[in-house]
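Encoded as structure tokens, the structure appears first; notes follow it.
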Amino acid sequence: MPTGLPPIPGETELDRLVARSRLFGADPTLVLFGGGNTSSKILERDHLGNERWVLRIKGTGSDLRTIEARHFAGLWLDDLQPLRERDTLTDEEMLAYLSRCLVEADAPRPSIETLLHGFLPALHVDHVHADAICALANAPDPIAAVREALGDDIAVAPYVRPGFALAKVVTEFADSRAVVLAHHGLVTWGDTHEESYRLTLELVAKAQDYLEAHGSDIFEVALGSGPAPEQFLAQLRGRLSRERRQVLGVDPSQRAVAGRSDVDVVAAVRSTPDHMLRIGPRTAVIDADGDIDAQVTAYEEDYRAYHDAEAVEGTPMQSALPKVMLVPNVGGIAAGPDAGTARLRLELAAHTHAATAATLDSFGGSSWLTPAQVWEFEYWPLELYKLTFAPPPAELAGTVVLVTGAASGIGRDVAVDLARRGAHLAIADLNAEGLAETLALLPPGRAVAVDGDLTDRVVVDGLVSAAVEAWGGVDAVVFNAGIAATGNLVDVDEAEWRHSLEVNLTSHFTLTKRVWSILEHQGIGASLVYISSKNAFAPGAGFGPYSVAKAGLVQLAKIAALEGGKHGIRANVVNPDAIFAGSKLWSDELRKERADAHGVAISELEAFYAKRSLLGRAVTGPDVAEAVAFLVSDRSRTTTGCVLTVDGGVPAAFPR
């Protein structure tokens, strides 16, 4: 048994249960998100003041990495014991019975494994899906493998779906040191927190040693090199996003398993049924150089055939699309409605693939559930219940947006607003400090930043590549980068004129051209939103270099709409006016110039712009962000070639 481990901390038994649970959750080789369960039997007082034993067990859907005391359900232990005498109990009957044993009426739903924990006599019980244990549990002969690796005092229970029936089976092995559940995981126990925890570590270490001695390199991480091809990622993401937009996550560390000669065998199973909830029963093996559409379609057809053969009549089929994929020379790929889901699926896939490969390497073969057992678990209502804890998808979930000029003003407001609506963002600006401040306002894991001059094609290329590498593609671009360039035509310097055109017009053409091939390869349409200005239609004297470039930007958008329609690529324009708050465009020098041009004091300039509009109100960055969000979203799916004014109503700037 491992030595040198400190006592599990906590002032109360429940505190120590929380601490023990988090120790398990902190080690992904033992348990992954939402998986596993822990319990303690604790003396507590009931509402009459009587001391009674309470089973405190992890609530369904809780995560051992972050679990808190409130996530443990309490059940009166003596109320559970009569169920030992039952021969059968349906899931519905079990849930109804458990609900009547709760100490607190508002407790979370107890784990599916509650009766397994309650029937075992030990004070503390732990159940994990450790990679090394699962590798043994899926050997051609799990009983022989476990006995050889762990010893004769460790029992092996045949596969039974979790619930009442499994609890009855495991209880028969209560005199053993622990139980390995065939094709499932490990159950340990002890009369102290430390005893059960340390026993798990001991058995997992033994399993690891055994596997490594028999040719498995399950615990060596194979790092990949270089990004996945952009065209491949865009095509794959587009094919997977036909039902709803998804983002991709790529794990180069899975290149070794993806390159195995028996990769199809690895992909066909899971190391534990628990993983099926989030990554499905099988992994798609995709050839990056092959026909992506045909390969995904073949996977869908196989899934439909499996469902049709095994489904209970009337059960609606879940999405037939693959959630995780293995791609030779690329690694593992996962799809999801957001980056967090994709990362979670990648993590689950990495562990299930590694454990399966270890089984094959150590034993020359493996065993797994029958298709009927797989379907029974995949569509099991008690397991699917865990998915109900996820919030409904946000409006722009699965959407990837590029936003330029995001360090301040309109660009920052747009980025923050789109992130709030669920978008994933690649933001860019010349102002690195301001860009970092904007990035800090965005959700971690859903935003990347590229600082640099967007008149430089290398920076433009880096922005698009960053989005594709992070999430597999692009759905929308907000062209907002710009500078204020003033001066009368007879006075303006030619270099300043060209610079205004480069920043305010040509850089947007360059980005449009760069992203276009990605959008075409995806084949799911896109939205291009060009932030022009009221000046495009109603220029002001002394503002020529800026106004001409902005007018050109409107024409660029119209041409993009004309050429993009056949690809489902929409292009529209937002024309704001006089956005002062947070803007770097309105420098002190520009304020003075425009105040002089309009014959007002500098202090009255903002009020002047507001009052000259029909609505007589100031326009803000969030107002522009609202318009951008409309054009990015599917709410404007039939709108292209449009100019949307956000200027309070300036008659001279009416589009016509």
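The values are calculated or read from the model by the stated rules, or taken from the named source; none is laboratory data. Since the structure is predicted, the reported quantities are computational estimates derived from the model, not experimental observations. Every residue, glycine among them, receives a Cβ derived from its backbone with ideal geometry; neighbour counts consider all protein chains shown.
Against the list (1) part of a helix (DSSP H, G or I); (2) under 28 Å from Gly564 (Cβ atoms), the condition Gly434 fails is (2). Answer with yes or no whether Leu369 is outside the structural domain of Ile579 (by TED's automatic domain parsing), touching a helix residue (DSSP H, G or I) at 6+ places or on another chain (Cβ under 8 Å), part of a loop (DSSP other than H, G, I, E, B) and over 16 Å from Val529 (Cα atoms). Yes; evaluated as a whole, the condition is true for this residue. Return a yes/no flag: does the range 207-214 have any residue that is at pLDDT below 95, surrounded by fewer than 20 Cβ atoms within 10 Å (Cβ to Cβ) and within 21 Å of the chain's Cα centre (by Cα). Taking every residue of the range 207-214 in turn, none turns out to be at pLDDT below 95, surrounded by fewer than 20 Cβ atoms within 10 Å (Cβ to Cβ) and within 21 Å of the chain's Cα centre (by Cα). Of all the listed residues (Val548, Val478), the sole one being in the same structural domain as Leu425 (by TED's automatic domain parsing), over 35 Å from the mean Cα position of the chain (by Cα), at pLDDT 95 or above and of a type outside the set (Ser, Thr, Tyr) is Val548. Screening the candidates Ala432, Ala436, Ala440 for the property of being of a type in the set (Gly, Ala, Ser), without any contact (Cβ under 8 Å) to a residue 12 or more places away in the chain and surrounded by fewer than 16 Cβ atoms within 10 Å (Cβ to Cβ) yields one hit, Ala440. Residue count for the range 292-307, restricted to those that are within 15 Å of Leu326 (Cα to Cα) and either of a type in the set (D, E, K, R) or in contact with a helix residue (DSSP H, G or I) (Cβ under 6 Å, 6 or more places away or on another chain) (or both): 2. When Arg255 is tested against (1) within 23 Å of Trp471 (Cα to Cα); (2) surrounded by 23 or more Cβ atoms within 10 Å (Cβ to Cβ), only condition (2) is not met.
Residues that are of a type in the set (A, V, I, L, M, F, W, C), at pLDDT 95 or above, touching a Leu at 6+ places or on another chain (Cβ under 6 Å) and under 21 Å from Leu360 (Cα atoms) occur in the range 280-299; there is at least one. Taking the range 227-329 and the helices (runs of 4 or more DSSP H) fully enclosed by it, the elements with 3 or more residues that are out of contact with any Cys (no Cβ under 6 Å at 6 or more places or on another chain) and under 24 Å from Gly398 (Cα atoms) are at 230-240, 276-279, 292-310. What is the number of the single condition among (1) in contact (Cβ under 8 Å) with a residue 40 or more places away in the chain; (2) assigned to a loop (DSSP other than H, G, I, E, B); (3) of a type outside the set (Val, Ile, Thr); (4) not assigned by TED's automatic domain parsing to the domain that holds Arg244 that Gly411 does not meet? Status for Gly411: all satisfied but (2). Candidates Thr370, Thr356: the one that is free of Cβ contacts under 8 Å to residues at least 24 places away in the same chain, over 23 Å from the mean Cα position of the chain (by Cα) and within 25 Å of Pro158 (Cβ to Cβ) is Thr370. The lone criterion from (1) out of contact with any Phe, Trp or Tyr (no Cβ under 9 Å at 6 or more places or on another chain); (2) assigned to a helix (DSSP H, G or I) left unmet by Ala342 is number (1). You will find that of Val490, Val414, the residue that is among the β-branched types (Val, Ile, Thr) and surrounded by 18 or more Cβ atoms within 10 Å (Cβ to Cβ) is Val414 and no other. Of the residues Val327, Val285, Val263, the single one that is crowded, with 17+ Cβ neighbours inside 10 Å, farther than 20 Å from Thr341 by Cβ, in contact (Cβ under 8 Å) with a residue 60 or more places away in the chain and touching a strand residue (DSSP E or B) at 6+ places or on another chain (Cβ under 9 Å) is Val263. Annotation: of all residues in the range 108-131 being buried (at least 19 other Cβ atoms within 10 Å of the Cβ) and among the small types (Gly, Ala, Ser), the one that is nearest to Lys206 (Cα to Cα) is Ala130.
Being touching a strand residue (DSSP E or B) at 6+ places or on another chain (Cβ under 9 Å), surrounded by fewer than 24 Cβ atoms within 10 Å (Cβ to Cβ) and either at pLDDT below 95 or over 23 Å from Phe389 (Cα atoms) (or both): is that true of Arg84 here? Against the criterion (touching a strand residue (DSSP E or B) at 6+ places or on another chain (Cβ under 9 Å), surrounded by fewer than 24 Cβ atoms within 10 Å (Cβ to Cβ) and either at pLDDT below 95 or over 23 Å from Phe389 (Cα atoms) (or both)), Arg84 does not qualify. Scanning the range 11-61 for residues that are without any contact (Cβ under 8 Å) to a residue 60 or more places away in the chain and under 26 Å from Ala135 (Cβ atoms) turns up Ser21, Arg22, Gly25, Ala26, Asp27, Lys58. Residues considered: Leu528, Leu511, Leu505. Of these, the only one that is within 36 Å of the chain's Cα centre (by Cα), closer than 20 Å to Thr645 by Cβ, in the same structural domain as Asp634 (by TED's automatic domain parsing) and part of a helix (DSSP H, G or I) is Leu505. Scanning the range 455-475 for residues that are among the acidic types (Asp, Glu), surrounded by fewer than 16 Cβ atoms within 10 Å (Cβ to Cβ) and in contact (Cβ under 8 Å) with a residue 40 or more places away in the chain turns up just one, Asp461. Scanning the range 503-550 for residues that are over 28 Å from Ala234 (Cα atoms), surrounded by fewer than 18 Cβ atoms within 10 Å (Cβ to Cβ) and either touching a Lys or Arg at 6+ places or on another chain (Cβ under 6 Å) or without any contact (Cβ under 8 Å) to a residue 24 or more places away in the chain (or both) yields nothing. For the range 536-567, a residue qualifies if it is of a type in the set (S, T, N, Q) and farther than 17 Å from His499 by Cβ, and exactly one does: Gln555.
Quick check, is Leu321 surrounded by fewer than 22 Cβ atoms within 10 Å (Cβ to Cβ) and modelled with pLDDT of 95 or more? Yes: the conditions hold for Leu321.
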